[in-house]
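Here's the structure we're looking at; comments come further down.
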């Protein structure tokens, strides 16, 4: 189904919140259904939001398949979803102290960190040292219930005002846009750098925009899927077809034999991690955000002798606020990666489309 931005719903002064709602419930790996469940109640420093749009993340597909047993989620049944936008319909005790009011339009992110550990104090709340400890840390849609539902409860640290110029569908892609900016920041891209990106999914394409924002001179997307290659080319990036020939040799040939200054690894497949390191210039840096579900063998000797850098990138660490004006200005082109739209009751069809390489799906928007 083509994406069409819906008219913004009118917000009443005193929203009427029902007792029950529809939610996607994953009963066990690869078995899920939409059920009627109680509407959650916000606790201290939490809000209740009416979800207007939520996008499917690759992590959602892995979680539904059971690829992270006992970790994401800790147990079934479970409601996923962590990239969303909507409006506030109720405030928990204390939430008003942070300036929130019923009716506010917001975009959400997943990490509700403790705020007091060393990493949180340093601003790296995505690495909270109390991760997953009850009462101290939550990651919505990962280790606590998420936003694939009509309503969601989240802490005040995880919601951000949605600019008037952005619709809810666009708001649901703010979180992945912030992750893409975080990856580019972790890559340390300098003006004039040649940046190669493995994987032309949503993070790869938005990461390419982020690379340009940071001043990259060239941006090269490596991808085997024809539809995604075409999308990358349409967005103005150089492309390498990973399904034909050796992508490492191709990138080196495109750079006079030197390789890329920075590689953003956005696919999370063992071979793409190996490609990413192999196509780096001496002294280059690879920022990896894709999460392989199996081990990866890397060329450690070259890592040492060529002084390569391999850094991990987890979620976002403060980029939500910084990316919003970039999205509003059209510099982070979230609408270009939005390809399909479904209702919550069509989630099965949406996930089948997401998992089908021939569908052309990149970012799928669910409207509860």
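Determine, for each peptide in 34-46, 194-206, the mean count of other beta carbons within 10 angstrom over its residues, then list the peptides with the highest first.
Working: 34-46: 15.8, 194-206: 29.0.
The packing order, highest mean first, is 194-206, 34-46.
Report the percentage of all Cα-Cα pairs in region 255-332 whose separation exceeds 14 Å, rounded to a whole percent. Show your work: numbers first, answer last.
Details: 1980 of 3003 pairs.
Summing the P(r) tail past 14 Å for region 255-332 gives 66 percent.
Normalised by the empirical 2.2 N^0.38 Å for globular proteins, what value does the Cα Rg of region 180-312 take? Walk me through the intermediate numbers first.
Working: Rg = 13.0 Å, N = 133, 2.2 N^0.38 = 14.1 Å.
Against the compact-globule rule of thumb, the ratio is 0.92.
Considering every pair of different Cα atoms, what Kirkwood radius, in Å, is found for region 287-342? Kindly include the intermediate steps, with their values, before the conclusion.
Values: mean 1/r = 0.0665 Å⁻¹.
In region 287-342 this quantity evaluates to 15.0 Å.
Under the definition of Cα pairs under 8 Å and six or more residues apart, what whole-number percent is the relative contact order of region 180-312?
Numbers: 298 pairs, mean separation 31.3, N = 133.
Dividing the mean separation by the residue count of region 180-312 yields 24 percent.
Cα convex hull of the chain: mean projected area in nm², to one decimal?
Details: hull surface 71.0 nm².
Averaged projected hull area, Cα only: 17.8 nm².
How fast does region 72-211 diffuse by Stokes-Einstein, in µm²/s, taking the Kirkwood radius from C-alpha pairs at 20 °C and 1.002 mPa s?
Working: Rh = 16.5 Å.
After rounding, the answer is 130 µm²/s.
What distance in nm separates the simple spin-label points at residue 291 and residue 227, each placed 7 Å from Cα in the Cβ direction?
2.5
Could you put 138, 119 in order, starting from the residue whose Cβ has the fewest other Cβ atoms within 10 Å? Intermediate values should be presented prior to the final figure.
On the way: 138 26, 119 17.
Ascending number of Cβ neighbours within 10 Å: 119, 138.
Listing 320, 235 from the residue with the fewest other Cβ atoms within 10 Å to the one with the most, what is the order? Can you show the working numbers first?
On the way: 320 21, 235 18.
So the residues, fewest neighbours to most, are 235, 320.
Using a 10 Å cut-off on Cβ atoms, rank the peptides 283-295, 255-267, 141-153 from the highest mean neighbour count down.
On the way: 283-295: 17.9, 255-267: 23.2, 141-153: 24.8.
In decreasing order of mean packing, 283-295, 255-267, 141-153 become 141-153, 255-267, 283-295.
Using only DSSP helix segments of four residues or longer, with each worth -39500 (n - 2.57), what per-residue ellipticity at 222 nm results for the chain after dividing by its residue count and rounding to 500? Intermediate results must be reported in sequence, preceding the final value.
Values: 11 runs with 93 residues, N = 368.
Computed mean residue ellipticity for the chain: -7000 deg cm²/dmol.
No lab work stands behind these numbers, since they all come straight from the coordinates. Computed from a prediction, not measured in an experiment: that's the story for all the values here. As a convention, Cβ positions derive from the backbone with ideal geometry for all residues, glycine included, and neighbour counts pool all protein chains shown.
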